[in-house]
Amino acid sequence: MSRSQRLIPILLLLLTACATLARDPNWWQARQDSSAQAPDPAATPEAVIQIYAARTVGWKGALGVHTWIVVKRSGAAEYTRYEVIGWGVDRGASALRVNRTGPDNYWFGSRPELLVDRRGEGVDALIDRIEAAVQAYPYPSSYRTWPGPNSNTFTAYVGRAVPELRLDLPPTAVGKDFLPGGAPVGVAPSGTGVQVSLLGLAGVLVGWEEGIEVNVFGLTFGLDLNRPALKLPGIGRLGVPEHPAP
């Protein structure tokens, strides 16, 4: 076994140990109020599209994020939020949820990161295509934490359907490389490159937005050349921030 192969289980062990120590048994009581990142619809007549990512709860939070999509048409009085959630799916609930909570709310104590923010002219037409992609999502009643389909599989699917969003999901978005139908080759979630994937368990992605990414058992290692940074599982980006802090 090579040195790099030996490092993978060690890294997984360390991340799992950190998550276990940090786990809050009362995570469901953590804050879930607005993070004040979505513009007030009453003061924002233009159309808006936003995509968010926030660390998940429990041990999964050491490795991954949960992502979701929100849209507001021109003149609309409220947002519509789309996401995939695993809770209750084993009891017959739909994995695809609409308006479970507010557009930019904390995810059980984790402040969401804004990945995409599109507003103004032409955005209503993009919303039409987003909603068509939501309706066409092939796994509305299925959820699997690893390697997918999960919340990040859903968000990546919409990103591929609407490449104008230029969606660059973080390396912690476990499940983003799970291609629907087990397809071995697909478009990168940003629409600016291509990827090869073996059921989300292994693969390679090359894109202008994402850079170069290698997927090993669902974990992403990579190098962003556009905005220089290393991409590491659990940690995320190390380098130039992709989305400047507000």
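Readers should treat all values here as calculations from the given coordinates under stated rules, not as data from a laboratory. Given the structure is predicted, the values throughout are model-derived calculations rather than measurements. Cβ sites come from the backbone with ideal geometry, for glycine too, and all protein chains shown count toward neighbours.
Computed over neighbours whose Cβ is under 12 Å from that of E83, the net charge equals +3, Lys and Arg +1, Asp and Glu -1.
The alpha-carbon of K231 sits under 25 angstrom from the alpha-carbons of these lysines, leaving out residues fewer than 8 places away in its chain: K60, K176.
For N26, project a label point 7 Å along Cα to C-beta. Then give me every residue of segment 95-139 with its amide nitrogen under 15 Å of that point. The answer is 109, whose backbone nitrogens lie closer than 15 Å to the label point.
The separation of segment 25-88 from segment 176-246, counted between C-alpha centres, amounts to 22 Å. If Lys and Arg each add +1 and Asp and Glu each add -1, what is the summed charge of the other residues whose beta carbon sits under 13 Å from the beta carbon of N226? Once positives and negatives cancel, what remains is -2. Which angle from 0 to 90°, rounded to the nearest 10, does the C-alpha axis of helix 123-136 make with the longest principal axis of the chain? Its long axis makes an angle of about 60 degrees.
Model label points for R144 and I212, set 7 angstrom from Cα along the Cα-to-Cβ axis, are 3.0 nm apart.
Take each peptide in 48-60, 191-203, count the other Cβ atoms within 10 Å of every residue, and average; sorted highest first, the result is 48-60, 191-203. Taking 0.36 nm per residue of sequence separation and removing the Cα-Cα distance, the D90/R111 pair yields an extension gain of 4.8 nm. Once the Cα atoms are used to define both axes, helix 151-161 deviates from the longest principal axis of the chain by about 70 degrees. Anisotropy class assigned to segment 50-96 is oblate, per the alpha carbon gyration tensor with a/c at or over the 1.5 cut-off and a/b no larger than b/c.
Please find, in a Gaussian network model of the chain (springs between Cα atoms separated by less than 10 Å), the residue of P170, P233, P180 whose mean-square fluctuation is greatest. Maximum among the listed residues: P180. In units of the compact-protein estimate 2.2 N^0.38 Å, the chain shows a Cα radius of gyration of 0.98. Neighbour counts of C-beta atoms inside 10 Å place W87, W146 in the sequence W87, W146, starting with the fewest.
Taking the Cα centre of the chain as reference, the dipole from Cβ charges on Lys and Arg (+1) and Asp and Glu (-1) amounts to some 760 debye.
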